[in-house]
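Student: Here it is, the structure in full.
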Amino acid sequence: MQYEIINTGGSPAFEDSHALLTQGQAKASTLVIVGNQAGLAFRQLSQPQRYTLILIELGLECLGTHTGESRGQEGSQILGFSRFRLGEAPSTNLVELVRQPQSVESAILTAKALLEAKGLQVSVCADFAGRILNRLIRPYYNGALTRLDEGLASADDLDMTLKLGLGYPEGPITLLERTGLQHHFKATQALFEAYGQSAYAPARRARVAYERAQFASLSASEGPPKKGQS
Amino acid sequence: MHSIKTVGVAGSGTMGAGIAIVAARAGYKTIVFDRDQSALDRARQQTQGFFAKSVERKKLTQEKVDSILNGLTSTTRLEDMAQCDIVIEAVFENLKVKHDIFAQLNLVCPPQTLFASNTSTLSITEIAAGSGRDENFVGMHFCLPAQLMKLVEMSPGLRTRTETFDAAWEFCLALGQIPVKTKDNPGFILNYFLVPFNNDAIRLVEAGVAEPADIDRAIKSALGYPMGPLELLDLVGLDTHWLVAEALYSSTHEPRAAAPALVKRMIAAGQLGRKTGQGFYSYKTNAMFGG
Ligand SMILES: NC(=O)c1ccc[n+]([C@@H]2O[C@H](COP(=O)([O-])OP(=O)(O)OC[C@H]3O[C@@H](n4cnc5c(N)ncnc54)[C@H](O)[C@@H]3O)[C@@H](O)[C@H]2O)c1
């Protein structure tokens with residue numbers, strides 16, 4: 001399947017060497033825009049109607065931020081997508097393909113086929129903050145961190161219970177510390193702002209990790225303290 | 001020091017039958033009590049089938065199985081539980097039913113007999129309070145299916161003696177199980193995390209965020225879970241999920257623990273999951289497709 005690609009750089013989940021980014025063609029009726037400025041690049045397109053499918057890589061924002069929306073009737077050949085990645089872990093192969101109420105069904109099918117041809121798995125979802133995965137895992141992670149603080153069980157026992165009892169490949173505490181608790185903080189904070197539900201409120205441990213990461217980046221930019229400075 | 005030689009299991013349903021297999025297989029003399037003879041008969045049949053498979057798969061010899069089955073008896077007479085050094089209770093998930101049976105066991109069993117409950121959502125302290133021996137009482141929450149799953153969540157009640165808890169812990173290890181210690185907290189660890197997580201997945205379906213298959217695929221593919229939440233719910237049964245969720249919600253009042261309205265509607269429509277052929281997925285069409 002042929003497609004054009006615009007890579008604005010700094011994709012949150014794709015390496016520049018990924019097949020999706022390297023196999024674009026010069027002229028095609030499908031356009032894929034990736035990178036941390038994908039939405040901006042889309043809004044600067046002079047002729048978006050030229051394409052039968054445009055895929056915009058999303059960060060935490062909704063697709064509607066780029067397409068505009070009205071009366072719950074929004075939707076066209078423009079779709080969003082986000083490849084799931086947990087903090088510093090390598091990206092997963094799961095892509096959340098974001099549609100709107102009136103999205104063109106054939107565009108959704110084409111998008112699925114295109115992404116699957118690049119070895120990715122696709123879950124279609126509506127245009128809600130947190131989509132599928134963040135909506136489900138962030139409250140669970142916050143709960144695990146909070147319960148650890150409250151002494152429900154030790155970190156090892158919490159992890160072992162969830163692994164042995166539910167067959168999860170890794171317990172939540174090990175997983176979060178491995179992938180960076182500070183990243184969990186940012187993801188869940190965004191959902192807390194969007195929904196105002198306490199389940200999304202960042203757990204204390206996540207906030208602490210985030211604050212420590214802030215100190216670390218501050219002192220890195222300031223350099224070591226000089227003698228005589230207070 | 002407790003020395004456990006004879007194990008009692010009260011309640012011969014899904015869990016009781018599995019726990020009895022675990023105890024007998026570990027070499028304990030095991031007595032299963034149920035007030036319903038047909039439940040005992042059913043369990044005996046399932047147990048024989050289970051061990052026949054173990055022989056077939058060469059996990060156990062026929063000789064070993066014969067000796068295990070010799071050590072595993074059942075009764076409808078509560079007095080027969082008098083010989084037990086520990087009684088693990090797995091009757092209905094209802095505080096009054098559990099209080100009643102423990103109160104009767106308390107009259108029959110010697111004072112040193114340990115009492116344990118396999119409750120999923122009730123408080124160990126509360127059950128213990130009606131047992132007549134709250135200091136000699138622990139929570140031992142096995143996972144389904146007990147004969148295959150190694151994990152046991154173990155919780156002391158507020159008045160459980162350390163010595164009692166330690167003895168139960170040693171016993172759990174001797175069963176060949178893996179105990180983890182948790183507080184006497186609603187849902188312990190597993191259900192405390194699993195039930196709200198599953199409810200959240202139902203809410204995504206309810207709100208039209210995604211189809212069940214898309215949600216399950218995302219969870220399995222991105223996180224490596226063996227099953228997605230909605231296929232798991234279909235397996236557990238929406239009626240059972242509703243009961244557990246309501247029990248958890250009534251003790252925690254955490255909004256995520258409450259079963260979403262869709263669950264009630266699905267139950268009313270007979271869409272209980274695999275057992276009725278329709279839940280979040282349709283199994284009728286699958287069966288026809290495969291057949
Ligand atoms: N099913 C699960 O997934 C699961 C997992 C872990 C723990 N549990 C807990 O285990 C317990 C039993 O659950 P189950 O699924 O095996 O239930 P079940 O309905 O399959 O079996 C209960 C058995 O207890 C017997 N019983 C009821 N009242 C009795 C009484 N007063 N005296 C003697 N026998 C009595 C019934 O005849 C029945 O055979 C519950 O507390 C449940 O919360 C269940």
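The values are calculated or read from the model by the stated rules, or taken from the named source; none is laboratory data. Computed from a predicted structure; not experimentally measured. Cβ placement follows ideal geometry from the backbone for every residue including glycine, while neighbour counts extend to all protein chains displayed.
Student: Just need a number here: residues in the stretch B:139-159 that are buried (at least 18 other Cβ atoms within 10 Å of the Cβ) and either farther than 14 Å from B:Gly8 by Cβ or hydroxyl-bearing (Ser, Thr, Tyr) (or both). Before the answer, list the steps.
Tutor: First, the residues of the stretch B:139-159 that are buried (at least 18 other Cβ atoms within 10 Å of the Cβ): B:139-143, B:146-147, B:151-157.
Checking which are either farther than 14 Å from B:Gly8 by Cβ or hydroxyl-bearing (Ser, Thr, Tyr) (or both) leaves us with B:139, B:141-143, B:146-147, B:151-157.
So the answer is 13.
Student: Do any residues in the stretch A:41-59 that are more than 17 Å from A:Asp127 (Cα to Cα) have Cβ atoms under 6 Å from those of residues that are charged (D, E, K, R), where the two are at least six apart or on different chains, and which pairs are they?
Tutor: Between residues of the stretch A:41-59 that are more than 17 Å from A:Asp127 (Cα to Cα) and residues that are charged (D, E, K, R), there is no close pair.
Student: So which of A:Gly75, A:Gly80 is touching a Cys at 6+ places or on another chain (Cβ under 9 Å) and not assigned by TED's automatic domain parsing to the domain that holds A:Ala187?
Tutor: Working: A:Gly75 fails: touching a Cys at 6+ places or on another chain (Cβ under 9 Å).
Every option except A:Gly80 fails the conditions.
Student: Find all pairs meeting these conditions: Cβ atoms under 7 angstrom apart; at least six residues apart or on different chains; first residue within the stretch A:14-39 and part of a loop (DSSP other than H, G, I, E, B); second residue among the small types (Gly, Ala, Ser) and buried (at least 19 other Cβ atoms within 10 Å of the Cβ).
Tutor: Pairs that qualify, where the first residue is part of a loop (DSSP other than H, G, I, E, B) and the partner is among the small types (Gly, Ala, Ser) and buried (at least 19 other Cβ atoms within 10 Å of the Cβ), are A:Gly35/A:Ser11; A:Asn36/A:Ser11.
Student: Of all residues in the stretch B:21-37, which are within 11 Å of the ligand (Cβ to nearest atom) and either buried (at least 23 other Cβ atoms within 10 Å of the Cβ) or among the hydroxyl-bearing types (Ser, Thr, Tyr) (or both)? Quick ask: steps written out before the conclusion?
Tutor: So the first thing to find is which residues in the stretch B:21-37 are within 11 Å of the ligand (Cβ to nearest atom), and the list is B:32-37.
Hits for the stretch B:21-37 are B:Val32, B:Phe33, B:Asp34.
Student: Continuing with the same structure: Taking the conditions exactly as written (within 14 Å of another protein chain (Cβ to nearest Cβ) and over 27 Å from A:Val122 (Cβ atoms)), does B:Ala269 satisfy them or not?
Tutor: So B:Ala269 does not fit the description; no.
Student: Right, another one. If we scan the stretch B:219-230, do we find a residue that is away from the ligand (no atom under 14 Å from the Cβ), crowded, with 20+ Cβ neighbours inside 10 Å and under 16 Å from B:Lys275 (Cβ atoms)?
Tutor: Taking every residue of the stretch B:219-230 in turn, at least one turns out to be away from the ligand (no atom under 14 Å from the Cβ), crowded, with 20+ Cβ neighbours inside 10 Å and under 16 Å from B:Lys275 (Cβ atoms).
Student: Another question about this same structure. Which count do you get for residues in the stretch B:103-136 that are near the ligand (Cβ under 10 Å from one of its atoms) and either within 20 Å of B:Ser12 (Cβ to Cβ) or within 14 Å of chain A (Cβ to nearest Cβ) (or both)?
Tutor: 8
Student: Also, quick follow-up: Looking at the stretch B:217-241, which of its residues are within 14 Å of chain A (Cβ to nearest Cβ), charged (D, E, K, R) and within 17 Å of A:Leu166 (Cβ to Cβ)?
Tutor: The answer is B:Lys220, B:Glu231.
Student: Are there helices (runs of 4 or more DSSP H) fully within the stretch B:165-252 with at least 1 residues that are closer than 26 Å to B:Ala116 by Cβ? List them.
Tutor: Fully inside the stretch B:165-252 and qualifying: B:190-206, B:229-236, B:238-252.
Student: So is B:Asn198 modelled with pLDDT of 95 or more, within 14 Å of the chain's Cα centre (by Cα), surrounded by 19 or more Cβ atoms within 10 Å (Cβ to Cβ) and within 10 Å of chain A (Cβ to nearest Cβ) or not?
Tutor: no
Student: Moving on. One residue is enough: does the stretch B:75-92 have a residue meeting the conditions away from the ligand (no atom under 15 Å from the Cβ) and either touching a Lys or Arg at 6+ places or on another chain (Cβ under 9 Å) or among the charged types (D, E, K, R) (or both)?
Tutor: Yes; the residues of the stretch B:75-92 include at least one that is away from the ligand (no atom under 15 Å from the Cβ) and either touching a Lys or Arg at 6+ places or on another chain (Cβ under 9 Å) or among the charged types (D, E, K, R) (or both).
Student: Does A:Thr8 fit the bill of being more than 20 Å from the chain's Cα centre (by Cα) and among the β-branched types (Val, Ile, Thr)?
Tutor: no
Student: What are the pairs with Cβ atoms under 9 angstrom where one residue, in the stretch B:82-99, is without any contact (Cβ under 8 Å) to a residue 60 or more places away in the chain and the other, located anywhere, is charged (D, E, K, R) and within 10 Å of the ligand (Cβ to nearest atom)? Sequence gap at least six, or different chains.
Tutor: Note: pairs meeting the criteria are B:Lys98/B:Glu89.
Student: For the subset of the stretch A:70-111 comprising residues that are without any contact (Cβ under 8 Å) to a residue 40 or more places away in the chain, under 18 Å from B:Lys220 (Cα atoms) and surrounded by fewer than 21 Cβ atoms within 10 Å (Cβ to Cβ), which member is nearest to the other protein chains (Cβ to nearest Cβ)?
Tutor: Of everything passing the filter in the stretch A:70-111, A:Thr92 is nearest to the other protein chains (Cβ to nearest Cβ).
Student: Within the group B:Leu69, B:Leu40, which residue is farther than 22 Å from B:Leu173 by Cβ and within 16 Å of the ligand (Cβ to nearest atom)? Give the steps one after another, and end with the answer.
Tutor: Details: B:Leu69 fails: within 16 Å of the ligand (Cβ to nearest atom).
Of B:Leu69, B:Leu40, the one residue that is farther than 22 Å from B:Leu173 by Cβ and within 16 Å of the ligand (Cβ to nearest atom) is B:Leu40.
Student: Right, something else. Would you confirm, using the coordinates I've provided, whether A:Lys118 is at pLDDT 95 or above, among the charged types (D, E, K, R) and over 24 Å from A:Gly72 (Cβ atoms)?
Tutor: yes
Student: Moving on to the next point. Looking only at the stretch B:239-253, filter to residues that are buried (at least 17 other Cβ atoms within 10 Å of the Cβ) and away from the ligand (no atom under 14 Å from the Cβ); which one of those is farthest from B:Ile124 (Cα to Cα)?
Tutor: Going through the qualifying residues, I end up with B:Tyr249.
Student: Same structure again: Pull up the stretch B:201-216, narrow it to residues that are crowded, with 24+ Cβ neighbours inside 10 Å and facing chain A (nearest Cβ under 7 Å), then point me to the one that is nearest to the chain's Cα centre (by Cα).
Tutor: Checked the stretch B:201-216; the qualifying residue nearest to the chain's Cα centre (by Cα) is B:Ala201.
Student: Output the qualifying pairs, or none if there are none: Cβ atoms under 9 angstrom, residues six or more apart or on different chains, first residue in the stretch B:242-263 and more than 14 Å from every other protein chain (Cβ to nearest Cβ), second residue surrounded by fewer than 22 Cβ atoms within 10 Å (Cβ to Cβ) and of a type in the set (Phe, Trp, Tyr).
Tutor: B:Ala259/B:Trp242; B:Ala259/B:Tyr249; B:Val263/B:Trp242
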